1. Is there any pair linking a residue in segment 20-32 that is more than 21 Å from Thr45 (Cβ to Cβ) to one that is acidic (Asp, Glu) and not in a helix (DSSP H, G or I), with Cβ under 7 Å and at least six apart or on different chains, and which?
2. Determine whether Leu30 is surrounded by 12 or more Cβ atoms within 10 Å (Cβ to Cβ), in a helix (DSSP H, G or I), at pLDDT below 80 and under 12 Å from the mean Cα position of the chain (by Cα).
3. I'd like the residue in segment 1-15 that is at pLDDT 75 or above and open to solvent by less than 60 Å² (accessible area, probe 1.4 Å) and, out of all such residues, is farthest from Arg82 (Cα to Cα).
4. Being of a type in the set (Val, Ile, Thr), at pLDDT below 75 and assigned to a helix (DSSP H, G or I), is that true of even one residue in segment 36-53?
5. Among (1) touching a residue at least 12 places away in the same chain (Cβ under 8 Å); (2) at positive phi, which single condition is Ser10 missing?
6. Out of segment 33-51, which residues are out of contact with any Lys or Arg (no Cβ under 8 Å at 6 or more places or on another chain) and surrounded by 11 or more Cβ atoms within 10 Å (Cβ to Cβ)?
7. How do the pairs read when you match residues in segment 49-73 that are farther than 29 Å from Arg21 by Cα with residues anywhere that are open to solvent by less than 50 Å² (accessible area, probe 1.4 Å), using Cβ under 8 Å and keeping only pairs 6 or more apart or on different chains?
Amino acid sequence: MKEDLLPGDSIRDRTLSPRERLLNGLRQVLAPLGTNEDARTAWGTVCRSFIEPEPVRTAYLAHEREAERRVEHWLTVLSEERRNAGGKRYLRDSP
């Protein structure tokens, strides 16, 4: 299911720095809605159309849980890599 929602997850691509991998993942989630006022307008439209109506709310909450699980996964992968690297300032290090 996660590959359907966010294909091309690069969290384990060690050719990129951990910082870049995390930023890529977050961009993949946030970029489709644009930036600045466009993003706020888009999120408002999404909320009014797909979150507020009760029948859809349950599906949205399931998607929200999956997104939360995805971010937790990214952070766990990076945390494990940092621990294996001896605790150095990993997010700023290059691969």
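1. Close Cβ pairs (under 7 Å, with a partner that is acidic (Asp, Glu) and not in a helix (DSSP H, G or I)) amount to Arg21/Asp13; Gly25/Asp9.
2. Details: surrounded by 12 or more Cβ atoms within 10 Å (Cβ to Cβ): yes; in a helix (DSSP H, G or I): yes; at pLDDT below 80: yes; under 12 Å from the mean Cα position of the chain (by Cα): yes.
Answer is yes for this residue.
3. The initial filter retains those residues of segment 1-15 that are at pLDDT 75 or above, namely 9-15.
Add one more test, that the residue is open to solvent by less than 60 Å² (accessible area, probe 1.4 Å), and what stays is 9-11, 13.
Details: Asp9: 19, Ser10: 17, Ile11: 13, Asp13: 14 Å.
Per the stated criteria, the residue is Asp9.
4. The first filter runs over segment 36-53 and keeps only residues of a type in the set (Val, Ile, Thr), leaving 41, 45-46, 51.
Of the ones still in play, those that are also at pLDDT below 75 are 51.
Then drop every residue that is not assigned to a helix (DSSP H, G or I), which leaves 51.
So far as segment 36-53 goes, yes, one or more of its residues are of a type in the set (Val, Ile, Thr), at pLDDT below 75 and assigned to a helix (DSSP H, G or I).
5. Condition (2) is where Ser10 drops out.
6. Applying the first criterion (out of contact with any Lys or Arg (no Cβ under 8 Å at 6 or more places or on another chain)) to segment 33-51 yields 33-50.
Hits for segment 33-51 are Leu33, Gly34, Ala39, Arg40, Thr41, Ala42, Trp43, Thr45, Val46, Cys47, Phe50.
7. From residues that are farther than 29 Å from Arg21 by Cα, the pairs are Arg57/Ile51.
The values are calculated or read from the model by the stated rules, or taken from the named source; none is laboratory data. Keep in mind it's a predicted model, so treat the numbers as computed, not measured. Using ideal geometry, Cβ is built from the backbone for each residue, glycine included, and neighbour counts are taken over all protein chains shown. Accessible surface areas use protein heavy atoms only, side chains included; no ligands, DNA or RNA. Shrake-Rupley method; radii C 1.70, N 1.55, O 1.52, S 1.80 Å.
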